[in-house]
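The block underneath contains the structure these notes are about, expressed in structure tokens.
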Amino acid sequence: MKKKGFTIIELLGVIVILIIIFSLAIVLYSRLNASSDKTYYKTLEDSLLFAGVEYYSNNKNDAPSIYGDEKKVTADYLEDNGYTDGKINDSSGESCKLAKSYVGAYKDSLDKTNYYVCLNCGDYATDSLPCSGVANYSLGVRAKKKNSGNTYKIDGKSWSNENIVLTFETLNDMEQVILEDGKGNTKSCTLHESQNVKRCELEVSESGEYKAYAKNNDVESKIENLKILIDKSAPTFDFSEKGISNTIYIKASSSETFKNAINKVINIEDKESGIKLIEYSFEHDTKKDYYHNVNVALNFDVNKQINLGTSNLKVRVYNNAGTKTEKTIKYIVYHEAIIPKEINYCNDLTYNGLEQKLVKNPGVGYTFLNTTGIYAGNYKVTAKANQYYLFSDLTETKELNCTIKKKALTIRALNQTIVHGTTFNTTDRSKVSISGLVSGDTFASIRLSHSGLNMATKKRTITPSNAVIRRSSVVVTNSYNINYQTGTLVIRPKVSIAISGTREQSGYQNGARVTVTCSGPDNIQSLTISGEGSSSASGGTNKQVSLTLNSKGKKTIKGQCTLISEANNSVTSSYTIYVYTRDASCGCEKYNSKAASPCSCKTRNSCSNCNACGSSTSTTVSGTCTCRSNLATGANKYYSCSKSNSSCSSICSSRGMDWYSGNCNKSTKTTCKSCANSSCSCKTYNTCENAAFGCKTNKQCWHV
């Protein structure tokens, strides 16, 4: 029999299983070893704690004596002085580094001494709170600056420029913290526990020596002495030369490009924390100068060569609390420019509608700005000093008041004549003349006024005002000095003529009449009427003439009325009247000759075979012609006629249908039929509900 060995896959599987078993063994061993180490170090802590208790029992002066007092003895001291059983080694047998290991003891409010141990050996460190450095059993104090939050050292040497916030914390059974200043004033805070640590805060705003202690009921803890230094006042100093509002002007000749700036910084002082640092710089407007340190002193001199333009002497003084005072003196080295005057530089200008230059060329050392104007008025031209120049009064700008004078313009009201009672146009630009208007400007509007239009005085003064002149869309009225000149308004008396009468009159046998009336404020010179006959009248302020027209036809009456006081003041009027005669053989009244028989009335609707209606009222003649109305159009009177058959109405009524507008004879048939009859059809906009009802009520029946 042939034997086979393991395949590669089977070998790999065996190897993987062995690796897993080995890893588990290592993990198990590590856990057992760690557990063994922990047990070892716990035993070592107990041994060290026992040694510490023995030490404090033998050394009463080194043990805590009052509430809140806490003492510590290092493990290496205990080892060196025989309180331990030989050397203290770690779990591997190596000697522990015991400088950070100690046994602590503290007093609580019941006057009981409590002990704890903190061991640092090899990789092991006790993890309880007092060993972590977070808090201890005495009244611990931490300090920070209030606003910045930076840590503050309570060492009696460190200064702060803001309030100090003291944080008190403990693991002991303290309940309240008392803070007392050197004047006997006290403030307190209650300790609140958070994450096994008790804390509270108090704020200090003034320098001084403070005492802090804690209480639990009537038992007070050990006093902590705190010296806190606070200086919130800035240091002080001054300059011996401050110029005008801290600006010193140094005039240079036309050939000079630099000058010496000399000054002295004096009275440097800080009464509380003292001066720590002094520095200065001399910055020019074209370059930056870095700060230079000065030895701490009460004063120091400044002597610096500076160029044309502006330079700033900046001085900073710091105190030991970190507060800074900075002051600046500005130096200006300049050439002088002479102040310009209006009388020398402003041009003599009058408005002409164009842009004009307000000033002549400037003098030395400055430039003119805003130098042109268009409209009349006052303009402010700015004279601005050039670089490195100032005017003699140490300013950089000056203003000149230059003027463009107004253009003379004359507007005169033209003489006018109107009839009394006529509306006077107060905005008619054609009723004025204008002279002096600049080319391109337009006369936009005017206001004309007078003293009344009554007839007491027939002449009035026309006064123009409120003219508006435009240049394109811009109102330029204020660019003119307008001279308004008055005109004369002549008021002619009003004369009127009226002709009245009935425009269409029937029956010449009775006489057609027309009345002509003439009226005016003065005596009437004449009233003349022409037409059928003529008549006239004169004298008085109101005249009336009546005429009788005795012949038929179209008549035109003309009248003319003239006043005595105004020979050229007359009015005329005309009036058309129609005089009719009656044609006895036709119902139509006509002013022309009788028409041929049968008569053909001039109507809107043709009515053939229409016998004359007997009167102007609605009358049926011969059963076939019904006169509907008496109408007039143009020069004619006529009757509107329509055929009629009274049987239609009764037939429709008997069939349950309405007679529509008296008009059922749209075809030759006169018999109304119901919709039930196949020969009857209703109009398309009507419907037959059923055979029994026929056509709808109030709708026209269509006949076939």
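The values are calculated or read from the model by the stated rules, or taken from the named source; none is laboratory data. In this text, all values refer to a predicted model and were calculated from it rather than measured experimentally. Note that each Cβ is placed from the backbone with ideal geometry, even for glycine, and that neighbours are counted across all protein chains shown.
See the values below:
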{"item": "Which numbered condition Ile268 misses (of (1) surrounded by 13 or more Cβ atoms within 10 Å (Cβ to Cβ); (2) in contact (Cβ under 8 Å) with a residue 60 or more places away in the chain)", "result": "(2)"}
{"item": "Single residue of Leu78, Leu129 found to be of a type in the set (A, V, I, L, M, F, W, C), crowded, with 18+ Cβ neighbours inside 10 Å and over 20 Å from Glu224 (Cα atoms)", "result": "Leu78"}
{"item": "Residue list for segment 364-408, filter: in contact with a Gly (Cβ under 7 Å, 6 or more places away or on another chain), more than 19 Å from His335 (Cβ to Cβ) and small (Gly, Ala, Ser)", "result": "Ala408"}
{"item": "Condition broken by Ser205, with the remaining ones in (1) loosely packed, with under 14 Cβ neighbours inside 10 Å; (2) without any contact (Cβ under 8 Å) to a residue 40 or more places away in the chain satisfied", "result": "(2)"}
{"item": "Elements of type strands (runs of 3 or more DSSP E) contained in segment 230-288, each with 3 or more residues being charged (D, E, K, R)", "result": "258-269, 275-284"}
{"item": "Within segment 64-75, tally of residues that are crowded, with 18+ Cβ neighbours inside 10 Å and within 16 Å of Tyr106 (Cα to Cα)", "result": "7"}
{"item": "Any chance Lys288 is at pLDDT 95 or above, of a type outside the set (Asp, Glu), outside the structural domain of Gly208 (by TED's automatic domain parsing) and surrounded by fewer than 18 Cβ atoms within 10 Å (Cβ to Cβ)", "result": "no"}
{"item": "Positions within segment 244-290 being within 26 Å of Leu308 (Cβ to Cβ) and basic (Lys, Arg), in sequence order", "result": "Lys251, Lys259, Lys264, Lys287, Lys288"}
{"item": "Residue that is nearest to Arg492 (Cα to Cα), among those in segment 422-449 that are touching a residue at least 60 places away in the same chain (Cβ under 8 Å) and surrounded by 13 or more Cβ atoms within 10 Å (Cβ to Cβ)", "result": "Phe424"}
{"item": "Filter result for Leu110 (under 30 Å from Ala214 (Cβ atoms), surrounded by fewer than 18 Cβ atoms within 10 Å (Cβ to Cβ), in the same structural domain as Gly68 (by TED's automatic domain parsing) and at pLDDT 90 or above)", "result": "yes"}
{"item": "Residue list for segment 549-572, filter: modelled with pLDDT of 75 or more and exposed (fewer than 15 other Cβ atoms within 10 Å of the Cβ)", "result": "Lys554, Thr556, Thr572"}
{"item": "Hey, Ile434 touching a helix residue (DSSP H, G or I) at 6+ places or on another chain (Cβ under 9 Å) and among the aliphatic types (A, V, I, L, M) or not", "result": "no"}
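Yes/no matrix, rows are residues, columns are (1) over 30 Å from Ser472 (Cα atoms); (2) surrounded by 14 or more Cβ atoms within 10 Å (Cβ to Cβ); (3) free of Cβ contacts under 8 Å to residues at least 12 places away in the same chain:
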{"site": "Val294", "(1), (2), (3)": "yes, yes, no"}
{"site": "Asp301", "(1), (2), (3)": "yes, no, no"}
{"site": "Lys314", "(1), (2), (3)": "yes, yes, no"}
{"site": "Glu336", "(1), (2), (3)": "yes, yes, no"}
{"site": "Leu349", "(1), (2), (3)": "no, yes, no"}
{"site": "Pro362", "(1), (2), (3)": "yes, yes, no"}
